[in-house]
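Please read the structure below before turning to the comments.
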Amino acid sequence: MTAQTESPQPANTIDREELAHELEQLSELATLVLSARDALSDDIVSRLASALSEGITLLDRLTRNEGLMRLLQVLDKPETQHLLHGLSTALSQMSREIAISPPAKGGLGGVVKLAMEPGTQEGLRSLSLLGKYWSDSMRELHSKGGN
């Protein structure tokens, strides 16, 4: 049998370089925590608490607003999502078209020409229906004693 010249290193000993690296990381973490604690002055904590309080108050007011809650329920419906998507697309196209077209000359001829365009009657019909249902809703609200 041959004798070993080197003694085996125990499994629980940690390499000095690894230990130094771990201590360095721990020191950086402690510095970060101390910096954060120093940054949280009384003024910052007070402003943060005030902002949080105002946010909770605003959220409470919004959730108590029946009209807003009803609007949010309607906006959540798929058909309303499609309507809003279509409206945003139409507004974008309208903006581009107005920007590149010459200003309208006015007059009865311009009105007749506009009336003959395919989307004009549908647009007027849409606005007419909106006005009808909106006024019906307002009359119903006031007949029930709403302000």
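For the chain, the mean residue ellipticity at 222 nm estimated from helices alone is -26500 deg cm²/dmol, where every DSSP H run of n ≥ 4 contributes -39500 (n - 2.57) and the total is divided by all residues, rounded to the nearest 500. Taking one quarter of the surface of the convex hull spanned by the alpha-carbon atoms of the chain gives a direction-averaged projected area of 26.4 nm².
Since every read-out is calculated from the coordinates, none of them should be taken as a lab result. Note that the structure is predicted; figures quoted are calculated from it, not measured.
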